[in-house]
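**Q** Got a structure here, written out as structure tokens. Questions coming.
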Amino acid sequence: MRAAAIIVMGVSGSGKSTIGALLAEALGWPFADADGFHPAANVAKMASGQPLTDEDRWPWLDAIAAHIAAARTAGQPVVVACSALRRAYRDRLRAGHVDVVFLHLAGAPALIAGRQAARQGHFMPPSLMASQFATLEDPAEEADAVTVSVQASPAQVVEAALTQLAFAGMIASPKAGP
């Protein structure tokens with residue numbers, strides 16, 4: 001199964017936007033950041049330190065799934081950075097399609113906390129990190145997901161991601177020639 005969409009997932013501060021953009025560049029695919037699909041009310045709620053509820057998330061996830069569906073219809077694979085912390089959220093993003101795969105960026109809470117503390121200008125405050133880890137349902141048992149550690153440099157994380165996605169048959173081998 002080749003991916004029509006790779007969703008780069010993980011807790012806030014795991015590097016979804018950075019790794020997603022680099023992965024998209026390496027694959028020659030367009031990149032979309034799910035943060036841009038949030039309605040203003042969701043952004044304001046998170047910025048005030050309140051975690052989103054499922055009711056807040058459903059329209060957001062549906063908008064991302066619609067973006068993926070539009071890309072699929074256009075015959076254009078896409079990389080999307082999206083937290084997708086719970087299985088129910090990933091199921092909503094899959095929307096019954098087997099060509100949506102997930103790249104889980106995993107890191108220890110101390111590593112992620114350090115990254116969040118160094119981040120400037122993001123609407124998600126570090127105070128919500130505990131709720132992110134509490135919400136995370138590890139996708140390790142899901143056949144359409146691979147996990148990479150974010151402990152290395154972004155370039156090394158992307159290299160590991162490309163290798164694992166290719167090994168799982170989700171993308172063509174990045175080392176394959178013409």
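**Q** About its Cα centre, what dipole magnitude does the chain give when the only charges are +1 on Lys and Arg Cβ and -1 on Asp and Glu Cβ, stated in debye to the nearest 20?
**A** Dipole size: approximately 200 debye.
**Q** Right, another one. Using mean Cβ contacts within 10 Å as the protection proxy, how do 84-90, 13-19 order, highest first?
**A** 13-19, 84-90
**Q** Using alpha carbons only, how many angstrom separate the centre of the stretch 147-165 from the centre of the stretch 25-69?
**A** 23 Å
**Q** Can you tell which of A66, A40, A106 shows the greatest fluctuation in a Gaussian network model of the chain with Cα springs below 10 Å?
**A** A40
**Q** Dimensions of the chain along principal axes (Cα, Å, largest first)?
**A** Reported extents, whole Å, longest axis first: 50, 34, 29.
**Q** Hey, with R₀ at 25 Å, roughly what FRET efficiency would S17 and W58 work out to, going by the Cβ-Cβ distance, to 0.05?
**A** Computed FRET efficiency for S17 and W58: 0.65.
**Q** Here's something else I'd like to know. Hey, can you find the accessible area per residue of the chain for me, probe 1.4 Å, expressed in square angstrom?
**A** 47 Å²
**Q** I would also like to ask the following. What is the helix-to-structure angle for 54-73, meaning the angle in degrees between its Cα long axis and the longest Cα principal axis of the chain, kept from 0 to 90 and rounded to the nearest 10?
**A** With both axes taken from Cα atoms, the answer is about 20 degrees.
**Q** Rounded to the nearest 0.05, what FRET efficiency do A113 and A134 give with R0 = 22 Å and r taken as the Cβ-Cβ distance? Could you check?
**A** Step by step, r from the Cβ atoms, then E = 0.95.
**Q** While we're on this one: So, counting K/R as plus one and D/E as minus one, what does the shell of residues with Cβ under 10 Å around S17 add up to?
**A** Taking every Cβ under 10 Å from that of S17, the sum is -1.
**Q** Can you give the calculated 222 nm mean residue ellipticity of the chain, where each DSSP H run of n ≥ 4 adds -39,500 (n - 2.57) and the sum is split over every residue, rounded to the nearest 500 deg cm²/dmol?
**A** The helix contribution divided over the chain gives -13500 deg cm²/dmol.
**Q** How much of the accessible area of the chain, probe 1.4 Å, is carbon plus sulfur, in whole percent?
**A** Details: 4880 of 8330 Å².
Carbon plus sulfur share of accessible area: 59 percent.
The values are calculated or read from the model by the stated rules, or taken from the named source; none is laboratory data. Remember, it's a predicted structure, so these values are computed and weren't measured experimentally. Because the Cβ atoms are built from the backbone with ideal geometry, glycine has one as well, and the counts that use them run over all protein chains shown. Just the protein is used for accessible areas: all its heavy atoms, side chains included, with ligands, DNA and RNA removed. Shrake-Rupley method; radii C 1.70, N 1.55, O 1.52, S 1.80 Å.
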